[in-house]
1. For the chain, what does -39500 (n - 2.57) per DSSP helix run (n ≥ 4), summed and divided by total residues, give at 222 nm, in deg cm²/dmol to the nearest 500?
2. Only Cα pairs under 8 Å and at least 6 apart count here; give the relative contact order of the chain as a rounded whole percent.
3. By the gyration tensor of its Cα atoms, with a ≥ b ≥ c the square roots of the eigenvalues, what is the shape of the range 192-302: rounded for a/c under 1.5, prolate for a/b over b/c, or oblate?
4. Apply the a/c threshold of 1.5 to the C-alpha gyration tensor of the range 117-168 and tell me whether it is rounded, prolate or oblate.
5. Place a point 7 Å from the Cα of Ser132 along the Cα-to-Cβ direction; which residues of the range 88-117 have their backbone N under 18 Å from it?
6. At R0 = 25 Å, how high is the FRET efficiency between Glu305 and Ser281 if r is their beta carbon distance? Nearest 0.05 is fine.
7. Would you please classify the overall shape of the chain from the alpha carbon gyration tensor, given that a ≥ b ≥ c denote the square roots of the eigenvalues, rounded means a/c under 1.5, and beyond that prolate means a/b larger than b/c while oblate covers the rest?
8. Under 14 Å between alpha carbons: how many lysine pairs meet that in the range 214-348, if sequence neighbours fewer than 8 apart on the same chain are excluded?
Amino acid sequence: MKETLKKHATKSFMIRTAVVAVILIASLIFTKVGIIPLLFGGTSIDGTSDFDALEGKQVSFDASYVLAEYVRRTSTETDTRRTTLTHVGYIVWDYDNDAMFGIYLPASKSSRLDDMIDETWEWWDYEREEVSSNLHVDGTLRKMEGKELQYFQETIDELLYEDEQDMVYYYTIDTTQVNGLEKGWLAIISAVDMWALLYFIWSLVSYLSQGYYRSIKKFLDTNPSIPESRMDADFASAVLFQKKIWVGKEWTIYIKGMKSYLMENRKQVWAYYYQRTGRYSVSQIRFFDRDKKNTNIDIPNSSYEEMLGVYQNNQPQMLLGYDKEWEKMYKKNFNEFLNLRYNQVISQVQTGDTYEHQQQTNPDNYFDDARYNMDAYREQQADKTDKS
């Protein structure tokens, strides 16, 4: 039994591992390994860097000298026609290497950048000895084009003479992107990757801690009088459904994912098939025991009748099938509900009125020898109803 459950758990674990690996590899390819620079930062650049070779890559730059704003981006709400500033582009100067290029940032940083512009020109006009402000910029090195390039060139023409423009690089560090991918998408993909990693870790811990056997071990530890060999024998003779549900005479053992679950058949008082179609479809047998505990076991529509048939043959104490009156009685008058079948069967087992047994006084043990014809019982109850 344990090896069989372990085999199923191992297969499930390998499938989960493969799925996680596919998710992580696909995300790395799609983001151009963007999650790595997101975590550790891009390649540090300055005026001596090869901008053409670094185009589309994640880079970083420590800006101190900010000369001017060259472009603004806004968004307008359709209903209110309200316009909001979203991003601003600035021209920065790498003073040590005499190079100029752009940086593109969220509008939330515009106040700080405006202060840096003032500080830069104060230094230029000898109103301060040095520029003390610094802003670390990290984003995708993107080549300018279209209107952005036009506005950048117009601003450069205001700052420099034509023969001084050799120091200008028509690139901008776009902080809204990582390796060319919008940060919003990267955040979503990163969240998926994080979920996949946590899912893998959880699956690994569950597998190594023998989650596939935990419920059974707990039951055996709680019931030391029941030897494991007895459960092994019941498992070996159980009827198998869907390659993951073993319906034995004493216990039902089933697997969900990598975990096994155990249900004591002798405690069950009612079971019926439940199906819901649509978006949140469900196909399961619902079990209810003498302690009013509910257990749901997923089973396709094509197999439920055969599975309920096994309980019909081996569990005479159970009511099978759905009845609205039974449900009302179960919820409002549970003792009366037990009298419909469970208490009668247990009483008959104890007194020997109907069943052949070997002087068994514990109702939990009657399954070893008792036999019960449920169809005959139903006919008997129908006759009693007709007479009354």
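1. Details: 13 runs with 166 residues, N = 388.
About -13500 deg cm²/dmol.
2. Worked out over the chain, it gives 13 percent.
3. Numbers: a/c = 1.96, a/b = 1.12, b/c = 1.74.
Since a/c reaches 1.5 but b/c is at least a/b, the shape of the range 192-302 is classed as oblate.
4. Because a/c hits 1.5 or more and a/b fails to exceed b/c, the range 117-168 counts as oblate.
5. 112-117
6. In this case the efficiency is close to 0.85.
7. prolate
8. So the count of such lysine pairs works out to 13.
The values are calculated or read from the model by the stated rules, or taken from the named source; none is laboratory data. In this text, all values refer to a predicted model and were calculated from it rather than measured experimentally. Ideal geometry is used to build each Cβ from the backbone, glycine not excepted, and the neighbour counts take in all protein chains shown. The area values use the complete protein model at the heavy-atom level, side chains included, leaving out ligands, DNA and RNA. Shrake-Rupley method; radii C 1.70, N 1.55, O 1.52, S 1.80 Å.
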